[in-house]
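Take a look at the structure set out below.
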Amino acid sequence: KEAKLWGGRFEEGVTDAVERFTESISFDKALYKHDIMGSRAHASMLANQGLISFSDRDTILEGLDQIEKRIVKGEFVWRTDREDVHMNIEAALTDLIGEPAKKLHTARSRNDQVSTDFRLWCRDAIDTIVARIKHLQVALVSLAKKNSGVIVPGYTHLQRAQPVLLQHHLLAYVEMLERDAGRLQDCRVRLNFCPLGACALAGTGLPIDRFMTSDALGFTAPMRNSMDAVSDRDFVLELLSANSITAMHLSRLGEEWVLWASEEFGFITPSDSVSTGSSIMPQKKNPDPMELVRGKSARVLGDLVTLQVLCKGLPLAYNRDLQEDKEPVFDSVKTIIGMLEVSAEFAQNITYNRDRIQKSLPAGHLDATTLADYLVHKGIPFRTSHDIVGRAVALCVYKNCELQDLSLEELRSINEVFDDGVYDYLGVQNSIKKFSSYGSTGSECVAAQLDFWISNLKLN
Ligand code: ARG
């Protein structure tokens, strides 16, 4: 058996079970690119500071290049007895170039190394997720563009409330996604500080230049406190919180599309390319992708909870528990990317069943609130208007008809104030025309929203 990099003070090696239990190479090899990036910056800094020679630096850099190529080609052998990605790469470098490799870990610990790697990895992950969010926004805006003028029932409590433009409904999700991207970008700003040089926890007496490595790795500045630098994972928690909120939004979208694809609603038909069948019921066509978007939001939230619980009892500074931070993050990022991708594909493959939607609109007295507003125009206090319209609705329920079917006589029997102009407020088509407040579902407001997104997402 090969001696451990940290083996000096030990008289015997670890048991197989301990080796298997403590390794992280099976998953943290995903950090290899960022680990090598960090080592390059660190080696260059060591040479600049006179801590290693320039020729050793060059040998190290060439060795790292070779190792990276081998990893990319799938030729690199990851060894469990070398524990994690940091020691695998360092030991392989030693195998490859000998003595100079032994100088690379000068003024560095795996504690600052892993925190650096992980920040770099999360930074890239954020950029990928934000791009996917934009992609989904584009798909939703395109779907809205294709469906101009379509009125759908708006719901509260899943009971019919007021008519809204379908475009308005879709753009609501685009707004949520914009904040989701914003949260990730905020998190990126806060995480972009460099732990490298914090060493194990206390910093070092060697003359390193932390500003140089920080710059080289694209960080804003080195972290001010070495103990904070190696021990906190709040940047991961922020990323996972942001993901869990995005996942919650996508889950709501998924739930709605599943509902709208049901026979009972029948508002949308997803194309075959985004549907799946049943192994027993030949007629079935199920919206599985969006059910799974809803379902997978559970693991994204679970990943956040895992990390919160992992961190909450840890004294300063580094604790090995922190090795458990990787898998939930990898899982959360991979899952959210898949969810965003599939939601965009679903959006690209939905047809709104305009006839069916249109036929359903008379039900539920969607124009009742507009009728109350009519009475307000007539000078009636709103609370009284509410009561008058409530009585008109009760009459409709009794007669099994719509508000617009009531005769002027019937309306006037409830209150004298009604005149012929009332019919201009009744029916879904009329009702929707009355909305005019900023942010409302009125057609001008919605057109302005759509224009905003078309230019914001550079769709024109
Ligand atoms: N594999 C470890 C992790 O992911 C690297 C840091 C180990 N540090 C240590 N002192 N054992 O956290």
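Where a number appears in this text, it was derived from the coordinates with a stated rule and is not lab data. Here the structure is a predicted model, which is why all the values come from computation and not from measurement. Using ideal geometry, Cβ is built from the backbone for each residue, glycine included, and neighbour counts are taken over all protein chains shown.
Hey, what do the phi angles of the stretch 262-271 turn into as Karplus ³J(HN,Hα) couplings, whole Hz, using 6.51/-1.76/1.60 and θ = phi - 60°, x for Gly and Pro?
5, 4, 4, 7, x, 7, 10, 10, x, 6
Answer rounded, prolate or oblate for the stretch 272-395, using the Cα gyration tensor with square roots of eigenvalues a ≥ b ≥ c: rounded when a/c is under 1.5, else prolate when a/b is larger than b/c, else oblate.
Note, shape of the stretch 272-395 comes out oblate.
Distance check, please: which entries in Lys1/Lys334; Lys296/Lys326; Lys69/Lys312 exceed 28 angstrom between their Cα atoms?
Pairs exceeding 28 Å: Lys1/Lys334; Lys69/Lys312.
Could you name the aspartates and glutamates whose alpha carbon sits less than 14 Å from that of Lys103, not counting residues in the same chain fewer than 8 places away?
Answer for Lys103, where 14 Å is the Cα cut-off: Asp56, Asp58, Glu90, Asp95, listed by chain and number.
Considering every Cα-Cα pair within the chain, what fraction, in whole percent, is farther apart than 40 Å?
42
Note down the relative contact order for the chain as a percent, whole number, built from C-alpha pairs under 8 angstrom at least six residues apart.
15
Which aspartates and glutamates have a Cα less than 20 Å from the Cα of Lys378, not counting those fewer than 8 places away in the same chain?
Hits, sequence-local ones excluded: Asp367, Asp387, Glu409, Glu410, Glu416, Asp419, Asp420, Asp424.
Between the DSSP loop rule and a limit of at most 15 other Cβ atoms within 10 Å, which trypsin sites (Lys or Arg not before Pro) in the stretch 423-460 are left?
Lys458
Have a look at Leu322, Gly295, Trp257 and report the one farthest towards the positive end of the charge dipole of the stretch 245-378, computed about the Cα centre with Cβ charges (Lys/Arg +1, Asp/Glu -1).
Most positive-ward Cα: Trp257.
Under unit Cβ charges (Lys, Arg +1; Asp, Glu -1), what dipole magnitude, rounded to 20 debye, does the chain have relative to its Cα centre?
Dipole about the Cα centre, nearest 20: 280 debye.
Relative to the Cα centre, what is the charge dipole magnitude of the stretch 22-139, using +1 at the beta carbon of each Lys and Arg, -1 at the beta carbon of each Asp and Glu, and rounding to the nearest 20 debye?
380
If you find the alpha carbon centre of the stretch 32-74 and of the stretch 221-283, how far apart are they in angstrom?
Using only Cα atoms to place each centre, the spacing works out to 38 Å.
Out of the stretch 169-253, which trypsin sites (Lys or Arg not before Pro) are coil in DSSP terms and have no more than 16 other C-beta atoms within 10 Å?
Hits after loop and neighbour filter: Arg224.
Please identify the longest segment of the chain free of exposed GluC sites (Glu not before Pro), where exposed means a DSSP state other than H, G, I, E or B and no more than 11 other Cβ atoms within 10 Å.
By the stated rule (loop sites, at most 11 other Cβ atoms within 10 Å), 76-262.
Indicate the gyration tensor shape class of the stretch 4-45 (rounded, prolate or oblate), computed on the Cα atoms with a ≥ b ≥ c the square roots of the eigenvalues: a/c under 1.5 is rounded; otherwise a/b larger than b/c is prolate and the rest oblate.
Verdict is oblate for the stretch 4-45.
For the chain, what is the calculated [θ] at 222 nm in deg cm²/dmol (nearest 500), taking -39500 (n - 2.57) for each run of four or more DSSP H residues and dividing by its residue count?
Helices in the chain give a 222 nm mean residue ellipticity of -19500 deg cm²/dmol.
Counting only DSSP beta bridges with both residues in the stretch 142-226, what percent are antiparallel, rounded to the nearest 5?
So the antiparallel bridges in the stretch 142-226 amount to around 75 percent.
Toward the positive end of the charge dipole of the chain, about the Cα centre and with charges on Cβ (Lys, Arg +1; Asp, Glu -1), which of Ile36, Val397, Thr441 goes farthest?
My answer, from the dipole projection, is Thr441.
For the stretch 3-93, which chymotrypsin sites (Phe, Trp or Tyr not before Pro) are in a loop by DSSP, counting at most 11 other Cβ atoms within 10 Å?
Loop-located and lightly packed - Trp6, Phe10.
May I ask for the distance between the Cα centers of the stretch 424-442 and the stretch 84-120, given as a whole number of Å?
65
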